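What follows is one structure encoded as structure tokens, with my remarks underneath.
The values are calculated or read from the model by the stated rules, or taken from the named source; none is laboratory data. Keep in mind it's a predicted model, so treat the numbers as computed, not measured. Cβ placement follows ideal geometry from the backbone for every residue including glycine, while neighbour counts extend to all protein chains displayed.
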Amino acid sequence: MIINPSDHNYTDVYKLLIGSIVPRPIGFISTVDVNGYPNVAPFSFFNGVCANPPIVLFSTVVRRDGTEKDTLRNVESTKEFVVNIVSEDFAEQMNLCSADVPPDVDEFTLSGLTPIASDLVKCPRVKESRVTMECKLVNIIHFGQGPGSGNAVFGEVIRFHVADELFSNFRIDPDKLRAIGRMGGPTYVRTKDRFDMARPKTETMKSK
């Protein structure tokens, strides 16, 4: 099957992307608007970029009606956000926050999740999250126009919060984090089934 994206509707191209790029980590992003009103929403176009400085990336997609998401508007206004890593035990509450609700609806109240104060930014953290990252905006890059276009948001992590039971010499225990990932459509994945592979050393590899 050969597919040229330009020959198809963006909604079909979106299905190809989210069904092929799997599993995707979930960036549960909390922000506030210019009046301090909180918002929290999940984004599966999310990842780390580099460690020096520590940069993370998430992307928001323009809705079918052409409107931008509240998260993007808040980050553009306040220049900060918090990444909350999603664990299996509050997945359903995270999912409630994915609903397209009016800006004046508090997703913390809607989902029953608990907002707690951050140290260095105004955005609240999600108390139920075992790893959170306070971030300052670095840059936003806009791609395309209209529905389905995207906005890549880059932020520098200025403070990590990690639950003590997860942390050992800067390594995170995946069995205690119990992070979840996103597949295509409404499907998610647990991170229980894992295997190790050591990176090969150049000197031990035989040339062909």
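Scanning region 72-113 for residues that are among the polar types (S, T, N, Q) and either more than 19 Å from E134 (Cβ to Cβ) or in a helix (DSSP H, G or I) (or both) returns N74, S77, T78, Q93, N95, S98, T109, S111.
A residue that is without any contact (Cβ under 8 Å) to a residue 24 or more places away in the chain and within 17 Å of the chain's Cα centre (by Cα) occurs somewhere in region 169-186. Where residues in region 98-122 are under 12 Å from A41 (Cβ atoms) and buried (at least 21 other Cβ atoms within 10 Å of the Cβ), which of them is modelled with the highest pLDDT? If we take residues in region 98-122 being under 12 Å from A41 (Cβ atoms) and buried (at least 21 other Cβ atoms within 10 Å of the Cβ), then L113 is modelled with the highest pLDDT. Within region 40-53, being over 15 Å from the mean Cα position of the chain (by Cα) and in contact (Cβ under 8 Å) with a residue 60 or more places away in the chain holds for one residue alone: P53. If the condition is being at pLDDT 95 or above, of a type in the set (S, T, Y) and farther than 19 Å from K79 by Cβ, then region 15-69 contributes S20, S44.
Run down P124, P174 and say which single residue is at negative phi and out of contact with any strand residue (DSSP E or B) (no Cβ under 6 Å at 6 or more places or on another chain). Break it down into steps so the answer makes sense when it comes.
Working: P124 fails: out of contact with any strand residue (DSSP E or B) (no Cβ under 6 Å at 6 or more places or on another chain).
From the options P124, P174, the qualifying one is P174.
Within region 66-92, take every residue that is under 19 Å from D104 (Cα atoms) and over 15 Å from the mean Cα position of the chain (by Cα) and give me the one that is surrounded by the most Cβ atoms within 10 Å (Cβ to Cβ).
Of the residues in region 66-92, the ones under 19 Å from D104 (Cα atoms) are 67-78, 81.
With the extra rule that they be over 15 Å from the mean Cα position of the chain (by Cα), the set shrinks to 67-68, 73-74, 76-78.
Values: T67: 11, E68: 14, R73: 17, N74: 24, E76: 14, S77: 13, T78: 18.
Going through the qualifying residues, I end up with N74.
Conditions tested, residue by residue: (1) touching a His at 6+ places or on another chain (Cβ under 7 Å); (2) closer than 24 Å to L96 by Cβ; (3) surrounded by 10 or more Cβ atoms within 10 Å (Cβ to Cβ); (4) at pLDDT 95 or above.
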site: A163; (1), (2), (3), (4): no, yes, yes, yes
site: L166; (1), (2), (3), (4): no, no, yes, yes
site: F170; (1), (2), (3), (4): no, no, no, yes
site: G184; (1), (2), (3), (4): no, yes, yes, yes
site: K201; (1), (2), (3), (4): no, no, no, no
site: K206; (1), (2), (3), (4): no, no, no, no
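Please verify whether region 14-25 includes one or more residues that are of a type in the set (A, V, I, L, M), within 27 Å of R190 (Cβ to Cβ) and assigned to a loop (DSSP other than H, G, I, E, B). Yes: one or more hits. For region 54-76, residues that are farther than 14 Å from I29 by Cβ and either hydrophobic (A, V, I, L, M, F, W, C) or without any contact (Cβ under 8 Å) to a residue 60 or more places away in the chain (or both) total 3.
Restricting to region 49-67, name every residue that is assigned to a loop (DSSP other than H, G, I, E, B) and more than 23 Å from E134 (Cβ to Cβ). Even if it seems obvious, please write down each step before you answer.
Let us first name the residues in region 49-67 that are assigned to a loop (DSSP other than H, G, I, E, B), namely 52-53, 62-67.
Of everything in region 49-67, those that are assigned to a loop (DSSP other than H, G, I, E, B) and more than 23 Å from E134 (Cβ to Cβ) turn out to be V62, R63, R64, D65, G66, T67.
For first residues located in region 17-39 and touching a residue at least 40 places away in the same chain (Cβ under 8 Å) and loosely packed, with under 14 Cβ neighbours inside 10 Å, partners that are among the small types (G, A, S) and assigned to a helix (DSSP H, G or I) and lie 6+ apart or on another chain with Cβ distances below 8 Å form the pairs V34/S77. Here S129 meets each of (1) part of a strand (DSSP E or B); (2) under 22 Å from R24 (Cα atoms); (3) out of contact with any Gly (no Cβ under 9 Å at 6 or more places or on another chain) with one exception, condition (1). I'd like to know if region 126-144 contains one or more residues that are surrounded by 15 or more Cβ atoms within 10 Å (Cβ to Cβ) and closer than 22 Å to R63 by Cβ. Checked against the condition, which is being surrounded by 15 or more Cβ atoms within 10 Å (Cβ to Cβ) and closer than 22 Å to R63 by Cβ, region 126-144 yields at least one hit.
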